[in-house]
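Q: What follows is a single structure, and I will ask about it in a moment.
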């Protein structure tokens with residue numbers, strides 16, 4: 001599925017890197033613990049999280065992830081959005097909760 | 001053997017900037033054409049080390065020596081030291097505060113992760129003096 005479809009399914013707002021919505025992604029993970037993302041995630045290209053600090057973007061960057069979805073209507077500070085823009089990582093924000101957002105993507109074919 | 005040497009100050013007072021050194025090394029390796037898999041292993045191992053220096057040791061110094069077939073990384077801090085290294089290497093064991101956990105770290109995966117993603121790892125630590133972590137990752 002494309003990142004644009006993720007945004008549509010989650011009724012999410014795109015915060016940066018709109019030009020990359022056509023990128024294909026196949027897997028995702030959901031966590032508020034960046035240590036666990038660094039420990040257990042393999043090739044997931046989307047990170048769903050309720051955490052808002054700049055280390056979320058850094059973690060995604062180290063793992064070569066392409067998109068971060070902030071859940072529960074959370075919106076990071078402008079400096080975090082700027083950092084993601086620099087790295088070319090798409091940021092989305094959705095009102096949906098972590099469990100629900102993951103469930104929607106999973107039932108539409110995104111793997112773990 | 002000739003190598004490319006990179007050195008960084010890791011600012012212990014600035015959580016937002018943690019990861020700068022790892023990112024710079026990652027970028028350099030990418031430009032040199034090192035395989036994405038190896039680049040990622042280096043990035044994760046070093047980033048965990050950098051985060052550790054910031055959350056546990058008030059920052060320190062990160063040094064990287066890049067050779068044609070591997071990288072050596074030295075992470076040096078003057079923090080509190082590690083009292084029980086065996087325990088610290090155990091997955092899930094952490095001395096991190098609730099505040100650090102709320103930032104998404106302190107799950108007790110830092111040192112185990114560094115070991116997992118590196119080919120060689122050595123920790124020299126003296127309580128009250130500081131810690132030096134050596135990591136070697138082969139490409």
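Q: Assuming a ≥ b ≥ c are the square roots of the Cα gyration tensor eigenvalues, decide whether segment B:4-138 counts as rounded (a/c under 1.5), prolate (otherwise, with a/b larger than b/c) or oblate.
A: Judged from the Cα gyration tensor, segment B:4-138 comes out prolate (a/c at least 1.5, a/b above b/c).
Q: Given the options A:66, A:83, A:98, which has the most mean-square fluctuation in a GNM of chain A, springs set between C-alpha atoms less than 10 angstrom apart?
A: Maximum among the listed residues: A:83.
Q: In addition: Would you mind ranking B:65, A:86, B:86 by Cβ crowding within 10 Å, fewest neighbours first?
A: B:86, A:86, B:65
Q: With everything on Cα atoms, drop me the angle between helix B:20-31 and the longest principal axis of chain B, reported from 0 to 90° to the nearest 10.
A: 20 degrees
Q: Apply 1/(1 + (r/R0)^6) to the Cβ-Cβ distance of residue B:4 and residue A:26, taking R0 = 22 Å, and write down the FRET efficiency to the nearest 0.05.
A: 0.05
Q: Who wins for biggest fluctuation among B:99, B:113, B:52 in a Gaussian network model of chain B, springs between alpha carbons below 10 Å?
A: Fluctuation is largest for B:99.
Q: Run the simple label-point estimate for residue A:81 and residue B:67 please: 7 Å along Cα→C-beta, distance reported in nm.
A: Going from the residue A:81 label point to the residue B:67 one covers 4.7 nm.
Q: With everything on Cα atoms, drop me the angle between helix B:36-57 and the longest principal axis of chain B, reported from 0 to 90° to the nearest 10.
A: 30 degrees
Q: At 222 nm, what value in deg cm²/dmol follows for chain B if DSSP H runs of at least 4 each add -39500 (n - 2.57) and the sum is divided by all its residues, to the nearest 500?
A: -10500 deg cm²/dmol
Q: Rounded, prolate or oblate for segment B:79-125? Axes are the square roots of the Cα gyration tensor eigenvalues, ordered a ≥ b ≥ c, and the cut-off for rounded is a/c under 1.5.
A: Since a/c reaches 1.5 but b/c is at least a/b, the shape of segment B:79-125 is classed as oblate.
Q: Enter the Cα centre distance for the pair segment B:85-100 and segment A:1-53, rounded to the nearest angstrom.
A: The two parts, judged by their Cα centres, are 28 Å apart.
Q: Right, another one. May I ask you to sort B:42, B:129 by Cβ crowding, counting other Cβ atoms within 10 Å and putting the fewest first?
A: B:129, B:42
Q: Once every DSSP H run of n ≥ 4 in chain A is given -39500 (n - 2.57) and the sum is divided by its residues, what mean residue ellipticity at 222 nm do you get, rounded to the nearest 500 deg cm²/dmol?
A: The per-residue figure over chain A is -10500 deg cm²/dmol.
Q: Turning to a different aspect of this structure: Averaged over its residues, how many other protein chain Cβ atoms are within 10 Å of peptide B:106-118's Cβ atoms?
A: Mean shielding by partner chains, rounded to a whole number: 3.
Q: Who wins for biggest fluctuation among B:77, B:119, B:69 in a Gaussian network model of chain B, springs between alpha carbons below 10 Å?
A: Its mean-square fluctuation being the largest, the pick is B:69.
Q: Quick one: grab the alpha carbon gyration tensor of segment A:3-107, order the square roots of its eigenvalues as a ≥ b ≥ c, and give me rounded if a/c is under 1.5, else prolate or oblate depending on whether a/b is larger than b/c.
A: Note, shape of segment A:3-107 comes out rounded.
Q: Rank the residues A:107, B:131 as a footprinting-exposure proxy: fewest other Cβ atoms within 10 Å of their Cβ go first.
A: With the sparsest Cβ surroundings first, the list reads A:107, B:131.
Read-outs throughout are calculated quantities, based only on the coordinates presented, and are distinct from any laboratory measurement. Every value quoted in this text rests on a predicted model; they were computed, and no experiment measured them. FYI the Cβ positions are ideal-geometry reconstructions off the backbone, even for glycines, and counts take in every protein chain you see.
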